[in-house]
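Participant: Let me give you the structure first, and then I'll get to my questions.
The values are calculated or read from the model by the stated rules, or taken from the named source; none is laboratory data. Quantities reported herein were computed from a predicted structural model and do not represent experimental measurements. Note that each Cβ is placed from the backbone with ideal geometry, even for glycine, and that neighbours are counted across all protein chains shown.
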Amino acid sequence: MLRIIRKLKIHKIIFAALAISVLLSSNVYASSMVPYTTFTYDKDGWALGSPNAFEPAGEYDGRYMGVVGLSNASDLFVDKRNRIYIADTDNNRVVILDEKFKKIDDISRFINPNLVGMENTDGTINEFGFDEFLGVTGVFVTDDNRLFVADTQKSRIVEFDEDYNYVRELSQPQSDILGLEYSYKPKRLVIDSANRMYVMNDNENRGILELNESGEFIGFFGAQTAPRTVFDWIRTLFMTDAQKERIAKIIPRVYSNISIDKEDFVWLTSNSGDVYTRLAYLNSKAKEDATVKRMNPNGNDILLRNGNFAPGGDLWEASSIVDVTVKENGIYTILDDTFNRLFTYNANGDLLYAFGGSGAQDGVFKLASAIAYLGDDLLVLDKEDDTILHYKRTDYGALIERAIMADKNRDFEESIASWSEVLANNKNYDLAYQGMAKNYLRNGNYEEALENFKIIDDKKGYSMAFRYARSQYVKDNFLLVILIPTIFIALWLIFMKWVKKENKKLYPLGSKHTLKDELLYAMRVIYHPFDGFWELKREKRGSVRAATIIVVLLILTFIYKSMGTGFLFQTVNIEYMNVMNDIFNVLVPLVLWCVASWGLTTLMNGEGSMKDIYIMTCYALTPMILLNIPVVIASNFLVLEEVQFMSFFVSLAYVWAMGLIFFGSMVIHDYHFGKNLRTMVLSVVGMGVMLFLALLFLTLSQRIWEFLAGIYDEIILRL
């Protein structure tokens, strides 16, 4: 290494050092220096790493902007001219920057004609009408470039024209609903195309104030109802009127921020719900618990939540959502100030990507307070570090948006090309597989659509594609589709006729029966239970060996059900299937039932032996074999909307089997209906008791084993 350095000329060494210094101190970051991981969630909620959709492009403080440093800056806004507005709260001003983050203007002191000639607090006369802000917390700029500032501590909203000249101030609106003692502290505001104002007041739990163009109060907008449980209702029965009034004031949640999109829908964020409610919302998607809302003019939440999880941030640790910003294409990003992360969603509510993090290094922030889009880039206001962080969209991020827009514009060729390129960069991106599947479906490529839907376990999409594929197959193979079921039904009828004949042939005989005869007799038992179970016991038409074979066939049926059920109706991924579970699901209830039934019937003068109970029970389970096998076969040809067909026959199998066990117990024990019912109920209770004792024994055995193992380890260590 030293030899190489000696060979370099001194001016080259100096140049290299300067280049490195400039690179490290510049506002441009190399991809390898990104200090966070971009990720998405799969359908089960596990985080999957992703290429960066945004990368740090700069971090700008007051010195870079050309202003005295920011202090506790609260709000950020980007107008149609790409001018950036910062509500610099503690400095009582609005800072205005160009898209290069350089100062255009700042407004802290301005001429208010209403104050000309008025007396100042120090007793002097305000000759020129100078006015100042006090605690600016919100800014908004209309499409015609009018600037509105929420001057919180002075309880007003101040309007400026496009040249930042004072126009008017809107003080506290008067209304009987608000009352005379209402505390008006506007924090954020947005204005729609009809010049209606939506003002978020500090600590307001009744919703957003809706004002007309003149600043007159219209009503509360988007009021959040507090969820009430039965316990809450019971508790209020024992409260005084004063206590009820206090609860009514503190229960409803307040909003944390407000935004508006190009269609005049108001977006609201909330972080005042408890941690458990916020986490539960991500799965339940309940609107009343939503941390992000999109409100129509009637005050109804119309945000789409069609993704695997509701838009709301982190799935495992409750996020605190403090801002939302929306692009014209419907893509929106929410800000979590607990973990300082950004979560971006499409209009359908699917998570596109999440990134960010906490820290002092470049590219992450300490305490984010606001976000805004600057074209295709993202800006984050860090109120603790008093900086703006600039994140530039990467080619990967642009690819995702291009694919989404192609889907929206129904440009299928562009969509397939874009989603294919996204998959080339990220094989774990579920949304890309979904996009590809939908395009294949539109183009009639059903096999490809089914394959892509299956990769991401999208059963709803798979069902839709399968419906079309099935219809096409039926059209192309109509005769075959009719012929196969016809042959199956004919064979079944021939088989049943033969079985009936065999059973009748053997019925009057008292001789020893073959295994075939004993197995075929199960068909008589399930159709004629009283005669069948009587003959099983008195004439020995069944046997333990035949009953055991029926149990084995039932176990194989359960295994086949786990492995052979159609994709749409699988509850467990075949990769995680455990054959032992299927075996235990049959044997454990069977053994518990036989033991419990035998024990109780012995006490209650039942005539059946353990052998009789076992044979009767096994024969009674035959319908579960006969019905489950065709249901499993049919599940490969049905769609989700036809699940009732499967549910009916599966339920029928269980009801049929339980009915046979009931009537079989009556026959073999010679009970009347009431006594048999009581005995069976007690037998089920006995099964529960035995299962509890068995689990208790296993737990105690494990503890004893761990104790003995611990003693052994101690002895070995001391020796």
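Participant: Just to check your reading of the model, which residue among T571, T602 is closer than 30 Å to M464 by Cβ, under 54 Å from the mean Cα position of the chain (by Cα) and without any contact (Cβ under 8 Å) to a residue 24 or more places away in the chain?
Facilitator: T571
Participant: Of all residues in the range 29-48, count the ones that are part of a loop (DSSP other than H, G, I, E, B) and either at pLDDT 85 or above or among the β-branched types (V, I, T) (or both).
Facilitator: Residues meeting the conditions: 9.
Participant: State yes or no: is F707 among the aromatic types (F, W, Y) and assigned by TED's automatic domain parsing to the domain that holds I613?
Facilitator: For F707, the condition - among the aromatic types (F, W, Y) and assigned by TED's automatic domain parsing to the domain that holds I613 - is not met.
Participant: Now for a different question. Name the residue, out of L568, L520, that is surrounded by 15 or more Cβ atoms within 10 Å (Cβ to Cβ), outside any loop (DSSP other than H, G, I, E, B) and touching a Ser or Thr at 6+ places or on another chain (Cβ under 9 Å).
Facilitator: Just a single option satisfies the conditions, and that option is L568.
Participant: List pairs: first in the range 265-276 and not assigned by TED's automatic domain parsing to the domain that holds S193, second buried (at least 18 other Cβ atoms within 10 Å of the Cβ), Cβ under 8 Å, 6+ apart or cross-chain?
Facilitator: Going by the 8 Å Cβ cut-off, there are no qualifying pairs.
Participant: Of the residues that sit in the range 187-196 and are of a type outside the set (D, E) and within 16 Å of R294 (Cα to Cα), which one is surrounded by the most Cβ atoms within 10 Å (Cβ to Cβ)?
Facilitator: The qualifying residue surrounded by the most Cβ atoms within 10 Å (Cβ to Cβ) is L189.
Participant: Within the range 105-120, is there a residue that is within 29 Å of G375 (Cβ to Cβ), assigned to a strand (DSSP E or B) and charged (D, E, K, R)?
Facilitator: For the range 105-120, residues within 29 Å of G375 (Cβ to Cβ), assigned to a strand (DSSP E or B) and charged (D, E, K, R): present.
Participant: T617: in the same structural domain as I555 (by TED's automatic domain parsing), more than 39 Å from the chain's Cα centre (by Cα) and at pLDDT below 90, yes or no?
Facilitator: Values: in the same structural domain as I555 (by TED's automatic domain parsing): yes; more than 39 Å from the chain's Cα centre (by Cα): yes; at pLDDT below 90: no.
No: the conditions fail for T617.
Participant: Next up: When you scan the range 143-230 for strands (runs of 3 or more DSSP E) that lie fully inside it, which ones turn up with 2 or more residues that are among the β-branched types (V, I, T) and assigned by TED's automatic domain parsing to the domain that holds T325?
Facilitator: Ranges flagged: 156-160, 186-191.
Participant: Another question about this same structure. Does D131 meet the test of being out of contact with any Asp or Glu (no Cβ under 8 Å at 6 or more places or on another chain), farther than 23 Å from V254 by Cβ and crowded, with 17+ Cβ neighbours inside 10 Å?
Facilitator: Values: out of contact with any Asp or Glu (no Cβ under 8 Å at 6 or more places or on another chain): yes; farther than 23 Å from V254 by Cβ: yes; crowded, with 17+ Cβ neighbours inside 10 Å: yes.
It is true that D131 is out of contact with any Asp or Glu (no Cβ under 8 Å at 6 or more places or on another chain), farther than 23 Å from V254 by Cβ and crowded, with 17+ Cβ neighbours inside 10 Å.
Table: residues versus (1) closer than 19 Å to L211 by Cβ; (2) touching a residue at least 12 places away in the same chain (Cβ under 8 Å); (3) under 43 Å from the mean Cα position of the chain (by Cα).
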position: N91; (1), (2), (3): no, yes, yes
position: F101; (1), (2), (3): no, yes, yes
position: M118; (1), (2), (3): no, no, no
position: T124; (1), (2), (3): no, no, no
position: D144; (1), (2), (3): yes, yes, yes
position: V149; (1), (2), (3): yes, yes, yes
position: E159; (1), (2), (3): yes, yes, yes
position: D163; (1), (2), (3): no, no, no
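Participant: Another question, if that's okay. Output yes when any residue across the range 76-91 is at pLDDT below 95, crowded, with 16+ Cβ neighbours inside 10 Å, of a type in the set (A, V, I, L, M, F, W, C) and not in a helix (DSSP H, G or I), and no when none is.
Facilitator: No, that holds for no residue.
Participant: Same structure, new question: Considering the range 250-291 alone, what residues qualify as being touching a helix residue (DSSP H, G or I) at 6+ places or on another chain (Cβ under 9 Å) and β-branched (V, I, T)?
Facilitator: Passing the criteria: I251, T277, T291.
Participant: On to the next question. If a residue has to be buried (at least 21 other Cβ atoms within 10 Å of the Cβ) and not in a helix (DSSP H, G or I) to count, how many in the range 583-626 make the cut?
Facilitator: 3
Participant: Just name the residue that is surrounded by the most Cβ atoms within 10 Å (Cβ to Cβ) out of those in the range 381-400 that are assigned to a helix (DSSP H, G or I) and touching a strand residue (DSSP E or B) at 6+ places or on another chain (Cβ under 7 Å).
Facilitator: First, the residues of the range 381-400 that are assigned to a helix (DSSP H, G or I): 395-400.
Okay, now just the ones that are also touching a strand residue (DSSP E or B) at 6+ places or on another chain (Cβ under 7 Å), so 397, 400.
Values: G397: 24, I400: 29.
Ranking the candidates gives I400 first.
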